[in-house]
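I have placed the structure first, in the form of structure tokens, so that the comments after it can refer back to it.
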Amino acid sequence: MRLWDMPTRVFKAEESRAVHKTCSSAMETQRKTGSVSFNNYKIFRNGGDGFNQWVILCLGLLNAVLLIVAVVLGINCAKVKEGSLHISNPAVTQLFNELDYLRSNHSDVIEAEEEAKKALESAINNHKEVKVKIEQLKTVNDGYQKQMQALQVEKANLKSNVSALEGSCGGCLPGWALFNSSCYFFSYTESSTVKKNWHESREDCVSRGSDLVVIDNQEEQKFISSNIQNMKTSDQWWQSGFWIGITDIETENRWVWINNVTEVEQR
């Protein structure tokens, strides 16, 4: 045996003794309790003493009274409940009817709300379409406005041209002679010593907005001849001379009018 093992064994021995003492105490307590219970049983079997009998009797009567009161209260509560049910039955029916009515109205309200939403969406789409059409019409209108402005400018120009034509309608400019709705100008100055050739004469006519005359018929030829003869000049008219719209510049002795018609063709 080692020395350091001795306290442990001593402790275990003391612990065993304590357990033994505890068991002994428990057995003694059980014996005492059993003896007391047995004594009480004897007293109850023999009817007990007088005080205990009165207590038991009072408790029994109290239980009977409480039972009777409970039965009476239950019957009264049942009657009151049945009466209240009979009384409140019409009210409950009315409440259920109102509840059904509200439910049906709620369904109608939901349907109306859905229809209103659809109508609103349709109105929004229509508004968008109308807005697009308005923009298109606005663009077209702007185009029409521009065209109208251009037409107004053209109208003003036409009016000015008409006014100018009305001023000159039925007559020719001063120094010009009218014949068959055509005006003729005889470029001649008695004091002039410079004679123009054919090209210079044509340039002078073009500068006046006209051209050398092309004789189309005998009447026009007579008109031109008579106007030349009526001019008061110191020399004979054939000496001074006038250029007309015929030339043989391209081919000698082949006379061609300025409108590309030959003399033979015109005859």
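Values quoted throughout were computed directly from the atomic coordinates according to the rules given, and no laboratory measurement underlies them. Fair warning: this is a prediction, and the values are worked out from it, not measured in the lab. Quick reminder, even Gly has a Cβ in these numbers, built from the backbone with ideal geometry, and neighbours come from all protein chains shown.
Descending by average beta-carbon neighbour count within 10 Å, the peptides 212-225, 102-115 line up as 212-225, 102-115, the highest first. Computed from backbone phi, the HN-Hα couplings of region 209-220 come to x, 9, 7, 4, 6, 10, 7, 9, 8, 5, 4, 5 Hz, rounded to whole numbers (Karplus: 6.51 cos²θ - 1.76 cosθ + 1.60, θ = phi - 60°; Gly and Pro given as x). Subtracting the Cα-Cα distance of Val55 and Asn253 from their residue separation scaled by 0.36 nm leaves 53.3 nm.
Near the amide H of Trp255, within less than 5 Å, lie the amide hydrogens of Glu263, all on another chain or at least 5 residues away, with H placed in the peptide plane. Would you please give the FRET efficiency between Cys172 and Asp142, computed as 1/(1 + (r/R0)^6) with r the Cβ-Cβ distance and R0 = 41 Å, to the nearest 0.05? Once rounded, the FRET efficiency stands at 0.30. Label positions at Asn217 and Asn230, each projected 7 Å from the Cα along the C-beta direction, are separated by 2.0 nm.
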